[in-house]
Amino acid sequence: MADTLTEPTAPPKRQPDGTRQRLADRDGFLAWIFLVPTVVYIVALVAIPFFMAIAFAFSDVTAGNPSYGWVGLENFYRVFDDAVFWQALGNTFVFTAISMVLIVVLGKVLAMILVADFKGKWLVRFLVLLPWTTPVALSSVTWLWLLHSIYSPIDWVLRNVGLIEDNMYFLGRPGLAMASVIAVHVWRLVPLAAVIMMVGILSIPDDITEASRIDGAGFWRRMFEVTIPLTFPLIAVAALFGAIFTFTDMAVVYVLTGGGPTNSTHVLASWSFVRGIGGGDIGQGAVIALFLFPLLLAAAVLILRAVRKMETI
Amino acid sequence: MPFQIDPWTRRRFLQLTGLAGAGVTLGACASEPESPADQGGGQAPSPVFNEPATKLSGELSILLWSHFVPSHDTWFDSFAKDWGKKVGVNVRVDHVDVGNVPTQIASQIQAGQGHDILQYIATLSEFEEGVLDLTDVNEEVTNRHGEQLEICRQSSFNPHTNKFYAHAPGWVPDPGNFRKSLWEPVGFPDGPSTWDDLLQGATEIKKSQGIPVGLGMSQEIDSNMFGHAVLWSHGASVQDENENVALDSPETVAAVEFVQKLFKNAMTDEVFSWNASSNNEGLIAGELSYILNSISAWRSSQEANPQVAKDTFFVPALEGPETALAAQHVMYNYVVPKHAKNPDAAKEFMLHYTDNFGLATYHSRLYDFPSWSSLSPKLGDWLSSDPFGAKPADKLSLLGNVDTAAEWSASIGHPGPSSPAIGEIIGTFVIPNMFARAARGGMSPEQTVKRAHQECERIFSRWRKRDLIGGG
């Protein structure tokens with residue numbers, strides 16, 4: 001039996017349960033078996049909901065009545081007539097753009113730290129990854145307490161070092177509430193970006209770095225003329241992942257601010273949820289959600305191009 | 001022959017992952033539900049049992065909120081299961097956080113499957129088309145216990161479609177909670193009795209002691225209740241009794257101007273980030289001088305901060321230029337979705353639960369009030385001499401009894417029914433946002449009222465088109 005285990009390509013000598021063992025050793029069969037969950041997942045949780053959203057956008061379906069009635073473009077007119085929709089659309093782009101820039105810059109810095117050789121490197125790498133591995137709803141609740149109007153430890157520290165007199169009310173003031181949402185997005189996505197970029201940095205051959213060093217290139221010159229150009233496809237992937245996760249996320253907004261104050265932090269995903277589920281208007285909720293699609297499509301195309309570019313390097 | 005083991009051959013990997021999956025599944029199945037704890041007190045009413053009208057069997061699943069007073073849930077779970085054992089039905093009760101209940105209901109109705117009974121703490125009128133007519137349940141309860149309170153009928157009955165979309169066995173009043181030690185020095189030892197008193201006293205307290213009032217203007221349910229109370233007290237309302245939008249009026253503008261002043265003088269920006277537990281947190285921390293809430297915040301402080309609990313007292317709805325009305329804090333709506341597999345058992349359970357609502361009142365520590373006055377005959381006595389340790393024992397006596405509290409309370413659609421349009425206005429927080437825009441200074445009172453009026457018109461027109469509301 002031990003001999004058989006050491007030679008995975010050899011056909012099994014004994015097949016006590018016949019067919020099942022033969023199937024388990026067939027590459028083509030296993031390839032399909034392993035692919036099926038992914039395909040089922042994508043079809044069930046992405047493709048079907050997407051086409052349902054398109055169908056609902058032209059319907060009078062409500063939370064209380066799933067029966068389908070065609071209403072043409074009426075839901076679109078109603079959504080466009082709503083000032084909160086335009087605010088949510090603007091917020092979505094603002095949140096995504098600012099988060100993306102911060103995620104890339106801070107992710108790059110973190111990646112440089114993570115590739116450095118120091119004692120306890122593995123512990124630091126583990127701790128750095130925690131924000132990414134923590135479920136977003138859970139981490140948002142933690143942040144809710146950190147930014148609490150009465151119990152915020154951030155307020156406490158700032159008060160005790162004499163920087164503020166009254167609490168900041170992070171989630172009660174539109175500017176600070178938006179900054180808080182962006183900060184939480186950046187906090188949870190920087191580790192992912194750092195790990196992606198770390199892979200890029202580690203893949204740069206040592207002789208290139210050495211050669212540039214011998215040629216007299218300093219840290220910044222090496223950074224901008226060697227490291228960044230060579231890792232650009234991975235930086236692009238990190239940026240696009242950050243953008244997609246920020247653009248489509250509603251958990252952070254929903255848990256932290258509920259879209260407030262006065263709808264000032266709503267994004268398309270959260271406003272779609274409020275209109276579709278809170279207000280019971282599934283049709284309008286679907287229209288709002290559909291506005292996520294064009295940017296996500298563009299992001300997907302860019303990611304695929306970046307990946308292809310990496311393959312040809 | 002050299003002994004070699006490579007544990008990560010393909011076959012080995014499949015075997016190990018298969019075993020791991022089976023282990024996880026078995027582990028998940030092995031958890032046990034918590035056993036209910038006994039509630040003390042010794043004054044609980046005796047349970048009542050009426051034989052169901054028909055022979056019942058099968059399963060009954062119930063989804064309801066996690067009660068703000070946890071002892072209620074412990075009692076409810078065993079109460080429901082005990083009934084199931086008696087009538088031959090296997091009962092399952094699931095509790096979810098209050099904020100997630102509407103999402104659960106919407107997704108179950110869309111999917112056409114889920115629980116047999118769905119419960120929420122506000123009107124579920126927007127789900128009318130997806131639920132069964134419960135007129136028979138309401139008629140039976142009325143036969144047994146007399147007339148239902150109007151406030152509860154208006155929150156479960158659609159006069160336009162003549163349908164009881166929900167059964168509303170109970171509700172919760174929304175008195176003002178004030179800290180006596182703060183209000184006494186500013187000349188209001190018994191707390192404010194009018195909105196002007198509130199403005200005057202709260203302004204002085206914030207100036208002298210730095211403690212604000214906590215009345216939410218955020219995207220959550222308590223903010224809706226505060227907003228409606230201010231509107232009604234000033235003679236304004238979202239709709240008239242014929243279900244026409246009536247928000248854009250001088251009375252609404254006056255109400256918004258009042259809230260602007262109140263915010264400027266006596267509140268902080270925290271009210272814009274209010275959530276359902278902010279009242280409780282602020283009161284327990286001793287950081288608020290006045291809140292609009294049920295008695296749950298004070299009940300929580302009895303254990304968490306007894307000093308604050310001792311110092312907290314109650315006032316009924318504040319008097320405005322027109323009247324004194326508060327919204328209900330909670331309005332229980334039980335619905336039976338069309339997909340329910342066991343509607344007969346669902347209806348019989350509702351009857352049984354309603355018959356025993358006195359127990360719900362008791363085990364919620366007087367939080368839940370019945371919709372039929374006769375259902376909790378001891379309530380007046382309990383409120384006069386609290387069995388759960390109020391100091392002084394008659395602290396809740398201002399609530400009088402069910403009828404007294406109902407006199408200064410109104411359903412959320414007042415003066416009309418709580419229609420699907422009203423449900424959507426509540427669900428999308430049109431009223432709290434109207435006040436908040438003016439309080440923050442982003443819009444004038446006139447502008448914000450006009451914008452909210454337009455939003456309401458849009459919502460009403462859509463539901464009117466579906467022939468679910470009147471007016472127009």
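For the range A:32-72, filtering for residues that are within 14 Å of chain B (Cβ to nearest Cβ), surrounded by 11 or more Cβ atoms within 10 Å (Cβ to Cβ) and either in a loop (DSSP other than H, G, I, E, B) or not aromatic (F, W, Y) (or both) leaves 17.
Could you grab me the full set of residues in the range A:142-154 that are away from chain B (no Cβ under 11 Å) and in contact with a Leu (Cβ under 9 Å, 6 or more places away or on another chain)? Reasoning before the result, please.
Going through the range A:142-154, the residues away from chain B (no Cβ under 11 Å) turn out to be A:142-143, A:146, A:153-154.
The answer is A:W143, A:P153, A:I154.
Scanning the range A:190-249 for residues that are farther than 17 Å from A:A300 by Cα and crowded, with 21+ Cβ neighbours inside 10 Å gives A:V190, A:P191, A:A194, A:M197, A:M198, A:G200, A:T227, A:T231. A single member of B:S289, B:S301 is more than 11 Å from chain A (Cβ to nearest Cβ), touching a strand residue (DSSP E or B) at 6+ places or on another chain (Cβ under 8 Å), under 17 Å from B:D196 (Cβ atoms) and not hydrophobic (A, V, I, L, M, F, W, C), and it is B:S289. Summed over the range B:198-226, the residues that are out of contact with any helix residue (DSSP H, G or I) (no Cβ under 9 Å at 6 or more places or on another chain) and assigned to a loop (DSSP other than H, G, I, E, B) give a count of 1. Is one or more of the residues making up the range B:154-175 within 30 Å of A:S264 (Cα to Cα) and away from chain A (no Cβ under 14 Å)? Within the range B:154-175, one or more residues are within 30 Å of A:S264 (Cα to Cα) and away from chain A (no Cβ under 14 Å). Of all the residues in the range B:401-427, those that are part of a helix (DSSP H, G or I), within 26 Å of B:L375 (Cα to Cα) and hydrophobic (A, V, I, L, M, F, W, C) number 3.
Against the criterion of being modelled with pLDDT under 95 and assigned to a helix (DSSP H, G or I), B:E348 does not qualify. From the list A:L171, A:L163, the lone residue that is modelled with pLDDT of 85 or more, under 24 Å from the mean Cα position of the chain (by Cα) and not in a helix (DSSP H, G or I) is A:L171.
Scanning the range A:261-294 for residues that are under 19 Å from B:A436 (Cα atoms), assigned to a helix (DSSP H, G or I) and not aliphatic (A, V, I, L, M) yields a count of 1.
I'd like to know if the range B:409-419 contains one or more residues that are more than 15 Å from B:C152 (Cβ to Cβ) and within 14 Å of chain A (Cβ to nearest Cβ). Yes, there is a match, as at least one residue in the range B:409-419 is more than 15 Å from B:C152 (Cβ to Cβ) and within 14 Å of chain A (Cβ to nearest Cβ). Scanning the range A:237-287 for residues that are over 17 Å from the mean Cα position of the chain (by Cα) and hydrophobic (A, V, I, L, M, F, W, C) yields A:L256, A:W271, A:F273, A:V274, A:I277, A:I282, A:A286, A:V287. Of a type in the set (S, T, N, Q), at pLDDT 95 or above and under 18 Å from B:F68 (Cβ atoms) - does that describe any residue in the range B:329-344? Among the residues of the range B:329-344, at least one is of a type in the set (S, T, N, Q), at pLDDT 95 or above and under 18 Å from B:F68 (Cβ atoms), which makes the answer yes.
Each row is one residue, and each column tells you yes or no for (1) surrounded by fewer than 24 Cβ atoms within 10 Å (Cβ to Cβ); (2) among the hydrophobic types (A, V, I, L, M, F, W, C).
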{"position": "B:F313", "(1), (2)": "yes, yes"}
{"position": "B:G320", "(1), (2)": "yes, no"}
{"position": "B:V335", "(1), (2)": "no, yes"}
{"position": "B:K338", "(1), (2)": "yes, no"}
{"position": "B:N342", "(1), (2)": "yes, no"}
{"position": "B:A346", "(1), (2)": "no, yes"}
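From the list B:E150, B:E128, which residue is of a type in the set (D, E) and more than 14 Å from chain A (Cβ to nearest Cβ)? I'd like the intermediate steps shown before the answer.
Values: B:E128 fails: more than 14 Å from chain A (Cβ to nearest Cβ).
Exactly one residue qualifies, and that residue is B:E150.
The values are calculated or read from the model by the stated rules, or taken from the named source; none is laboratory data. The structure displayed is predicted, hence computed values, not measured ones. Using ideal geometry, Cβ is built from the backbone for each residue, glycine included, and neighbour counts are taken over all protein chains shown.
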